[in-house]
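Engineer: Input: one structure, supplied below.
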Amino acid sequence: MSDFTRRQLGGLLGGASALALLGVAPGARAQAPGRAKDGVVVIGMSLEPPVLDPNLNAAAAVREITYQNIYESLTRIDRKGSIIPGLAESWTVSEDGTQFVFKLRAGVKYHDGEPCEAADVKFTLDRLSAPDATAPGKSLYTTIKEVEVVDPTTVRVTLKGPDAFFLYNVGIGDAAIMGRKSAATNGTKPIGTGPFMFKERKEGDSVVLVKAPTYRDPGAIKLNTLIFKFIKDSAAQLNALKAGDVDTFPGFQSPEQVNQIKADPRFAVVVGSTEGETILATNNAKKPMSELKVRQAIAHAINRDDLIAAENGFALPIGSHFPPHNPAYVDLTKTYPFDIAKAKKLLAEAGYPNGFEASLKLPPVGYAQRSGEIIVSQLGKIGIKLAITQLQWPQWLQEVFKDRNYDFTIVAHTEANDLDRYARDGYYWGYDSKAFKDNWAAVVKEVDPAKRTELLKKAQKIIADDAVNGFLYQLGKVGVWNKNLIGMWEDSPTPSIDMTGVHWKL
Amino acid sequence: MSAFWSRAQRHVGFLIGATLVLLVALMALVSLFWTPHPYDDLRMALKLKPPDGTWLLGTDHRGRDVLSRIMVGAQTSITVGLIAVSIGMALGVGLGAWAAARRGWLDEVVSRLNDLVFAFPAVLMAILITSVFGASATNAILAIGIFNIPVFARVTRGAALMMWGRDFVRAASALGLGPLTITVRHVLPNIASVLLVQATIQFATAILAEAGLSYLGLGAQPPVPSWGRMLYDAQTYLYDAPGLAIYPGLAIALTVLGLNMMGDGLRDLLDPRLRLMRVG
Amino acid sequence: MLDFLLRRLAAALLTLALASIVVFLVLEVLPGDPALVMLGTEARPDTLAALHAKLGLDRPLLERYVSWVGGLLSFDLGNSYAYGTPVSKLILDRVVVTLPLGALALSFSACVAIPLGVFAASRRGRMSDWLVMGFGQVGISIPNFWFGILLALFLAVTLKLFPAGGFPGWGTDPLGSLHALILPALSLSLPEIAILSRVTRSSMLDTLREDYVRTARAKGVAERDVLMRHALRNALIPIVTIAGLIAGFLLAGAIIVETVFYLPGVGKLVFDSISNRDLIVIKNVVILLTALVLLVNLLVDMVYVILDPRPKVSV
């Protein structure tokens, strides 16, 4: 026994020192150069898509991976946000703007070998707009009245009324054209017409796509394998980049770390635009925020410079709910300039000379955490005492968004063309303005681009004057990639990590 | 009592522990009235400053004074720990003493409930509890408090059972005193030292638990500083400002060390035969 | 002996049944609707209702509980709400990280703590004993996640001997995967080493006082053999008990340490599932972990009986 014990102890100790030695031995790690030769790219993402079918889940990450890589839509949103031909090579619009005829590309095949035909387009659009549809993006497609198959490559779509955003909406990831036969299992085994096909996934870790042999123009695709790797924590993202485990973070979420990456000659850091207006969302239906003067006071108390500094400068100030890169943008940041004295005076006029107490319910995202602490400090200076509550997304959706049980929250509205939210009844801001609603109805019906731009400018001005929400900043898209990786999207006009034109410089 | 003090003065571990605990308590007390700088004043221009004459421990990622935040953080740790242990003690001692007095089925039920709480992965349940009720210092207290109940119940039951076997308690019972009276008059006073020692150790454990929950973002909410949360934030800046990851951890470790040494010292001084439960 | 084990088994099963009810009820009151999470901000009342029906969330409480427990008993854990894939696959993918992590941490603890404790006991009252005991005191006072951060800071960020976090996966890089588990296992084992070395020391001291040890010494058996052959074997009983308890705590500790080192383990799975309201994953993982803790305790009881055949009452 004694020998046994001693040997056993010795063995264990020996094992430990062997492990300790391992610590010094450099681990065998795949390095970027090897991957470049094999046409492999490892793409880091902060958030993991639950399923791989945009019909089943609202998460942006679903679209980021699938859109343009696995699935394609009728039209296509390019890297600058313009609408270009997608599966439809051309289309015509009727005079009154209610009828669209799409001509599909010939010879397009799904990854399972099935042809992509007009019937698939009808199937997809019907599934999105049907009365019993459960797709998260359903409300974008309820203007569709009828979809008809004219011939295998021609589809006619009739709308209930003119919809200025229709061509855009059929171009985004939500309207991915799915195969009639394969659609049911797309959540776990996605099958589309795009240049890359699904190979495997490890939940909580990665999704792997490979070049699709069925793609119509195989020569145009320079990459063989895409590995989407999910890394949530900012410090871990930095580690992964530095260790060479990841080639790119198309949307790097922690501006604090960017200086570290910039110092590394292997990486390029590119700051582009997004559709994400970050706002101090305010419950307009609740006292005292229902008072215009209170909201104006808040607007005067917000110092955007500090907020943007916390984003390491990767954000642009906004004075309304509209992205600065849009041609219809007007600069309204001076509507209520930073002015503590003015803010205090307005607050006193509204009947709150000593301020008031309120809740600030934050979703679990970096920018909200960063800006939240700063907003508490800034509004504290005019006597508004905010108590922060950190919520998980499900709670935020339920409490803040659905039940509207909140005073303030901070969130980025990342959908394109999302000004329409201000015209909605029962939306979580509780904003109700006839002037805005009338103006928005005109925007949707207006087919003339110049006139529409004027109406959009007016819409921005109305909500800025009403100080509906605290308009903070437009999130920047901080893209980080290996300098030899060519063709990544700089901006983020719609959720997509489009790898179609990307290649390694060898 | 004077005998206790004279022995205490010679017990090095106890003295070190007590000194550490006193220092931390003093720091929390002072921070109620004074800190070198306001603990919640955001100055983005001053972020991540290294320690110097003005900012003794430097500034954090929001330009706040780290020393001031550590001082105020002591309040958070002490409050959460103290209340959580009090909850556990109030309910646990009651349950344990009751089970020991009544024995039989009640004893069995209490034991099974204890097993139940011990069998759950405590961190997991704490995460669930704070998810149900929302992340806040109050709910962290609740989550930690719940796990303290069975600890005290077990210790109390064991010690009380021993007392119930003693002659003087049997005599009291024979005289016709009820179980409640006996428990209050004879049992509890005699096991008070056991409970005191256990409470000190649990206090240490509770502070560790609070730090862990805050580290996961489930404890006190910003701008209220908490040591665990400071460590979480610091991890983002390991390359730029490694000091941020050191001071709050040191504060936790020294506080817990102080309490543990004090607890062990108390045990030696009060009753060397006491057996303690350590629940991690 | 068999009787004792059977009673322990029955108590464990009862505890497990109670645990399943508690977990189920806690998840019932967990605010946040899984369907709303899936559909997001543009969810409409009609789409929500349809999804509830699809997920079976509209069925009565008891029916859902029974079907869950029924599934558990037939080893069918169902499909994840979020991923749509079987829960058992999700769990297996993560167990291959957490289990090696726990095993590594436990072996680190045992290899360091037992020799340390024996050493301290043999030098009772001397400087080296004091040092070991002091180390133990410090070890249990350091939060293991902070120790992890310090290890990452010095051994990974500064000296670059280890990765500061992440996990390459056994399939792609087995050596790198083991490498990635060392710092987490070290930080996980620190408090356990502290506890275990103290237990070993006091247990050794107890046995060294026993008559047969004195006899052995009187007979002139070498001190080394006294320690190893006579004392340690008997001292192992409480050591095994505590080591078993520690195994349970390792699991809990793994949740935080996995966060420190960004490991895709069971802890992270639970954490993510809670934030996605993937209720079906949470309840299965929690109940399996609970069962595991109970099982470990049972095993400890068995080892206990084997090492010391005298019948025992509950510990």
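Engineer: Going through A:G39, A:G86, A:G34, A:G137 one at a time, which residue ends up being closer than 28 Å to A:G204 by Cα and in contact with a strand residue (DSSP E or B) (Cβ under 7 Å, 6 or more places away or on another chain)? Walk me through it before giving the result.
Structural biologist: Numbers: A:G86 fails: closer than 28 Å to A:G204 by Cα; A:G34 fails: in contact with a strand residue (DSSP E or B) (Cβ under 7 Å, 6 or more places away or on another chain); A:G137 fails: in contact with a strand residue (DSSP E or B) (Cβ under 7 Å, 6 or more places away or on another chain).
Selected residue: A:G39, the only one of A:G39, A:G86, A:G34, A:G137 that is closer than 28 Å to A:G204 by Cα and in contact with a strand residue (DSSP E or B) (Cβ under 7 Å, 6 or more places away or on another chain).
Engineer: Identify all residues within the range A:174-187 that are touching a residue at least 24 places away in the same chain (Cβ under 8 Å) and out of contact with any Leu (no Cβ under 7 Å at 6 or more places or on another chain); write none if there are none. Talk me through it step by step, then tell me what you get.
Structural biologist: Here is the first cut: in the range A:174-187, the ones touching a residue at least 24 places away in the same chain (Cβ under 8 Å) are A:174-183, A:186-187.
If the condition is that a residue be touching a residue at least 24 places away in the same chain (Cβ under 8 Å) and out of contact with any Leu (no Cβ under 7 Å at 6 or more places or on another chain), then A:A176, A:M178, A:G179, A:R180, A:K181, A:S182, A:A183 are the ones that fit.
Engineer: Moving on. Just checking, which of A:D331, A:D305 is within 11 Å of chain B (Cβ to nearest Cβ) and either surrounded by fewer than 20 Cβ atoms within 10 Å (Cβ to Cβ) or under 19 Å from A:K461 (Cβ atoms) (or both)? It would help to see each step written out before you state the result.
Structural biologist: On the way: A:D331 fails: within 11 Å of chain B (Cβ to nearest Cβ).
When all the criteria are applied, what remains is A:D305.
Engineer: Name the pairs whose Cβ atoms lie under 7 Å apart, with the first residue in the range C:264-282 and of a type in the set (S, T, Y), the second assigned to a helix (DSSP H, G or I), and 6 or more positions between them or separate chains?
Structural biologist: Close Cβ pairs (under 7 Å, with a partner that is assigned to a helix (DSSP H, G or I)) amount to C:S273/C:V281; C:S273/C:I282; C:S275/A:W393.
Engineer: Checking the condition buried (at least 21 other Cβ atoms within 10 Å of the Cβ), within 13 Å of chain C (Cβ to nearest Cβ), of a type in the set (A, V, I, L, M, F, W, C) and within 21 Å of the chain's Cα centre (by Cα), which residue from A:V207, A:V170 passes?
Structural biologist: Numbers: A:V170 fails: within 13 Å of chain C (Cβ to nearest Cβ).
Just a single option satisfies the conditions, and that option is A:V207.
Engineer: When both residues are 6+ apart or on different chains and their Cβ atoms are under 9 Å apart, which pairs have a first residue that lies in the range B:50-67 and is under 11 Å from B:Y247 (Cα atoms), and a second that is of a type in the set (D, E) and open to solvent by 10 Å² or more (accessible area, probe 1.4 Å)?
Structural biologist: B:G58/B:D52; B:V66/B:D60
Engineer: Provide a single number: the residues in the range A:103-142 that are open to solvent by less than 10 Å² (accessible area, probe 1.4 Å), within 14 Å of chain C (Cβ to nearest Cβ) and either modelled with pLDDT of 90 or more or closer than 16 Å to A:T75 by Cα (or both).
Structural biologist: Looking only at that region, the number is 2.
Engineer: I'd like to know if the range C:238-254 contains one or more residues that are at pLDDT 80 or above and crowded, with 22+ Cβ neighbours inside 10 Å. If you could, list the steps in order and put the result at the bottom.
Structural biologist: Initially, the range C:238-254 is screened for residues at pLDDT 80 or above, giving C:254.
Among the residues that remain, those that are also crowded, with 22+ Cβ neighbours inside 10 Å are: C:254.
Yes, the range C:238-254 contains a residue that is at pLDDT 80 or above and crowded, with 22+ Cβ neighbours inside 10 Å.
Engineer: Further question: How about the range B:228-255: which of its residues are in contact with a Pro (Cβ under 9 Å, 6 or more places away or on another chain), more than 9 Å from chain C (Cβ to nearest Cβ) and surrounded by 23 or more Cβ atoms within 10 Å (Cβ to Cβ)?
Structural biologist: Passing the criteria: B:R229, B:M230.
Engineer: Also: Taking into account only those residues within the range A:372-408 that are in a loop (DSSP other than H, G, I, E, B) and charged (D, E, K, R), which is surrounded by the most Cβ atoms within 10 Å (Cβ to Cβ)? Quick ask: steps written out before the conclusion?
Structural biologist: If we filter the range A:372-408 for residues that are in a loop (DSSP other than H, G, I, E, B), which is where we start, we get A:381-384, A:391-392, A:403-407.
Still in the running and charged (D, E, K, R): A:381, A:403-404, A:407.
Details: A:K381: 13, A:D403: 11, A:R404: 15, A:D407: 21.
This residue is A:D407.
Engineer: Here is a further query. Which helices (runs of 4 or more DSSP H) sit wholly inside the range A:250-331 and have at least 2 residues that are in the same structural domain as A:S433 (by TED's automatic domain parsing)? Outline the logic, then answer.
Structural biologist: Values: elements: A:258-262, A:292-301, A:304-310.
Passing ranges, in order: A:292-301, A:304-310.
Engineer: For the range C:151-177, name all the residues that are part of a helix (DSSP H, G or I), free of Cβ contacts under 8 Å to residues at least 24 places away in the same chain and of a type in the set (A, V, I, L, M).
Structural biologist: Correct list: C:L153, C:V157, C:L175.
Engineer: Oh, and also: If we scan the range C:144-155, do we find a residue that is farther than 23 Å from B:A245 by Cα and surrounded by 15 or more Cβ atoms within 10 Å (Cβ to Cβ)? Don't jump to the end; show me each part of the working.
Structural biologist: So in the range C:144-155, the residues farther than 23 Å from B:A245 by Cα come out as none.
Among the residues of the range C:144-155, not one is farther than 23 Å from B:A245 by Cα and surrounded by 15 or more Cβ atoms within 10 Å (Cβ to Cβ), which makes the answer no.
Engineer: Between C:G40, C:G71, C:G32, C:G78, which is more than 11 Å from chain A (Cβ to nearest Cβ) and open to solvent by less than 20 Å² (accessible area, probe 1.4 Å)?
Structural biologist: Residue meeting the stated conditions: C:G71.
Engineer: Which members of the range B:1-54 meet the condition of being aromatic (F, W, Y) and part of a helix (DSSP H, G or I)?
Structural biologist: First pass over the range B:1-54, keeping only residues aromatic (F, W, Y): B:4-5, B:14, B:33-34, B:39.
The answer is B:F4, B:W5, B:F14, B:F33.
Engineer: What is the residue count in the range B:216-231 for residues that are modelled with pLDDT under 90 and more than 20 Å from A:V376 (Cα to Cα)?
Structural biologist: Selection size over the range B:216-231: 1.
Engineer: Of these, C:T85, C:T98, C:T47, which one is crowded, with 19+ Cβ neighbours inside 10 Å, among the polar types (S, T, N, Q) and either without any contact (Cβ under 8 Å) to a residue 24 or more places away in the chain or not assigned by TED's automatic domain parsing to the domain that holds C:I274 (or both)?
Structural biologist: Working: C:T85 fails: crowded, with 19+ Cβ neighbours inside 10 Å; C:T98 fails: either without any contact (Cβ under 8 Å) to a residue 24 or more places away in the chain or not assigned by TED's automatic domain parsing to the domain that holds C:I274 (or both).
Residue meeting the stated conditions: C:T47.
Engineer: Only one of C:L57, C:L13, C:L27 is assigned to a helix (DSSP H, G or I), farther than 30 Å from C:L263 by Cα, of a type in the set (A, V, I, L, M) and not assigned by TED's automatic domain parsing to the domain that holds C:A185. Can you tell me which?
Structural biologist: Working: C:L57 fails: assigned to a helix (DSSP H, G or I); C:L27 fails: farther than 30 Å from C:L263 by Cα.
Testing whether each residue is assigned to a helix (DSSP H, G or I), farther than 30 Å from C:L263 by Cα, of a type in the set (A, V, I, L, M) and not assigned by TED's automatic domain parsing to the domain that holds C:A185 leaves just C:L13.
Engineer: Please state which one of C:M228, C:M204 is at pLDDT 75 or above and either within 18 Å of C:F119 (Cβ to Cβ) or in a helix (DSSP H, G or I) (or both).
Structural biologist: On the way: C:M228 fails: at pLDDT 75 or above.
Step by step, each of C:M228, C:M204 is checked, and only C:M204 is at pLDDT 75 or above and either within 18 Å of C:F119 (Cβ to Cβ) or in a helix (DSSP H, G or I) (or both).
Engineer: Tell me which residues, restricted to the range A:263-298, are open to solvent by 20 Å² or more (accessible area, probe 1.4 Å), in contact (Cβ under 8 Å) with a residue 60 or more places away in the chain and closer than 20 Å to A:F338 by Cβ.
Structural biologist: A:L292, A:R295, A:Q296
Engineer: If we keep just the residues of the range C:27-44 that are acidic (D, E) and without any contact (Cβ under 8 Å) to a residue 60 or more places away in the chain, which is nearest to C:V285 (Cα to Cα)?
Structural biologist: Within the range C:27-44, the first condition is being acidic (D, E), and the residues that meet it are C:28, C:33, C:42.
Those left that are additionally without any contact (Cβ under 8 Å) to a residue 60 or more places away in the chain: C:28, C:42.
Numbers: C:E28: 16, C:E42: 31 Å.
Across the range C:27-44, the extreme among qualifying residues is C:E28.
Engineer: Now for a different question. Just a yes or no: is a residue in the range A:143-151 assigned by TED's automatic domain parsing to the domain that holds A:I77 and touching a Phe, Trp or Tyr at 6+ places or on another chain (Cβ under 7 Å)? Explain how you work it out, then say what you get.
Structural biologist: Start the filter on the range A:143-151 by keeping residues that are assigned by TED's automatic domain parsing to the domain that holds A:I77, which leaves A:143-151.
Filter again for touching a Phe, Trp or Tyr at 6+ places or on another chain (Cβ under 7 Å), leaving A:143.
Taking every residue of the range A:143-151 in turn, at least one turns out to be assigned by TED's automatic domain parsing to the domain that holds A:I77 and touching a Phe, Trp or Tyr at 6+ places or on another chain (Cβ under 7 Å).
Engineer: In the range A:312-327, how many residues are within 14 Å of another protein chain (Cβ to nearest Cβ) and surrounded by 21 or more Cβ atoms within 10 Å (Cβ to Cβ)?
Structural biologist: Adding up the residues that qualify gives 1.
Engineer: How many residues does the range B:100-121 contain that are in contact (Cβ under 8 Å) with a residue 12 or more places away in the chain and surrounded by 24 or more Cβ atoms within 10 Å (Cβ to Cβ)?
Structural biologist: Counting residues in the range B:100-121 that are in contact (Cβ under 8 Å) with a residue 12 or more places away in the chain and surrounded by 24 or more Cβ atoms within 10 Å (Cβ to Cβ) gives 1.
Engineer: One residue is enough: does the range C:129-140 have a residue meeting the conditions open to solvent by less than 20 Å² (accessible area, probe 1.4 Å), part of a helix (DSSP H, G or I), touching a Gly at 6+ places or on another chain (Cβ under 7 Å) and touching a residue at least 60 places away in the same chain (Cβ under 8 Å)?
Structural biologist: Scanning the range C:129-140, I find no residue that is open to solvent by less than 20 Å² (accessible area, probe 1.4 Å), part of a helix (DSSP H, G or I), touching a Gly at 6+ places or on another chain (Cβ under 7 Å) and touching a residue at least 60 places away in the same chain (Cβ under 8 Å), so the answer is no.
Engineer: Does C:A194 meet the test of being under 23 Å from the mean Cα position of the chain (by Cα), away from chain A (no Cβ under 14 Å) and under 30 Å from C:V26 (Cβ atoms)?
Structural biologist: Details: under 23 Å from the mean Cα position of the chain (by Cα): yes; away from chain A (no Cβ under 14 Å): yes; under 30 Å from C:V26 (Cβ atoms): no.
Criteria not met by C:A194.
The values are calculated or read from the model by the stated rules, or taken from the named source; none is laboratory data. Computed from a predicted model, the values in this text were never measured in an experiment. Using ideal geometry, Cβ is built from the backbone for each residue, glycine included, and neighbour counts are taken over all protein chains shown. The accessibility values were calculated without ligands, DNA or RNA, using every heavy atom of the protein model including side chains. Shrake-Rupley method; radii C 1.70, N 1.55, O 1.52, S 1.80 Å.
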